[in-house]
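First comes the structure, then the notes that go with it.
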Amino acid sequence: EIVLTQSPGTISLSPGERATLSCRASESVSSSYLAWHQQKPGRAPRLLIYGASIRATGIPDRFSGSGSATDFTLTISRLEPEDFAVYYCQQYGSAPQYTFGQGTKLEIK
Amino acid sequence: EVQLVEFGGGLVQPGGSLRLSCSASGFTFRRHALHWVRQAPGKGLEYVSAINSDGSSTYYADSVKGRFSISRDNSKNTLYLQMSGLRTEDTAIYYCVKDVTGGYYVFDYWGLGTLVTVSS
């Protein structure tokens, strides 16, 4: 099973700042099959990024993903108030043995 | 608009059974694989089970194998999760998730979830 480790666990930033979230895999993720999901309290999670860097439909371009093999990054260029949430990385390279990272909470400073 | 609505959650005693349902709309149900993902209170996401578009292939996480059974009715646009031998550690919100393809690939839409509480 591929273990995904996200860092930091919590990050405190202000609107307008840049956020950089990390996801590290215990082994190489096949074909960069890495996705990012956003979860807000009481809301359904939402797909942001798949294929490590492809934005899902309707996702603003302030969200970008990068990386390959074992190291991946989600960057939010300029934080908007609605971006404060929990972010999960997920690998699907070994589907259906999907795994998620433990999450990074992005909170308002 | 894609909608996934889960129901059937509730309070059940350890060792008991429960069947979750997920009613889907806004897409061609029979063409897409579906998944169940759960989230224990205050915890992260845990993958549970998958079924391909025609129901011929299923997958279970080790934590639920032999106790849970996933199925679908393409004539009713509904996904099911039959849970038996429930344990306190199965307490979680259970999300129904749509796949982009008929096989196992990217999750593109999630439901709001239904809460299952296993307690005596």
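The values are calculated or read from the model by the stated rules, or taken from the named source; none is laboratory data. Please read these numbers as outputs of a predicted model, since none were measured by experiment. Neighbour counts run over all protein chains shown; Cβ positions are idealised from the backbone, glycine included.
The table below gives the values:
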quantity	calculated
Leading residue by the ranking (farthest from A:GLY58 (Cα to Cα)) among those in the range A:22-40 that are within 14 Å of chain B (Cβ to nearest Cβ) and crowded, with 21+ Cβ neighbours inside 10 Å	A:VAL29
Residue list for the range B:102-119, restricted to those being more than 10 Å from every other protein chain (Cβ to nearest Cβ) and either in contact with a helix residue (DSSP H, G or I) (Cβ under 8 Å, 6 or more places away or on another chain) or outside any strand (DSSP E or B) (or both)	B:GLY102, B:VAL116, B:VAL118, B:SER119
Residues being more than 7 Å from chain B (Cβ to nearest Cβ), of a type in the set (A, V, I, L, M, F, W, C) and closer than 18 Å to A:GLU1 by Cβ - total across the range A:85-109	1
Check on A:LEU74, at pLDDT 95 or above, more than 10 Å from chain B (Cβ to nearest Cβ) and over 10 Å from the mean Cα position of the chain (by Cα)	no
Filter result (at negative phi and either out of contact with any Lys or Arg (no Cβ under 8 Å at 6 or more places or on another chain) or buried (at least 24 other Cβ atoms within 10 Å of the Cβ) (or both)) within the range B:36-46	B:TRP36, B:VAL37, B:ARG38, B:GLN39, B:ALA40, B:PRO41, B:LYS43, B:GLY44, B:LEU45
Scan of the range A:1-22 for residues that are over 17 Å from A:ALA95 (Cβ atoms) and of a type in the set (A, V, I, L, M, F, W, C), ordered by number	A:ILE11, A:LEU13, A:ALA19, A:LEU21
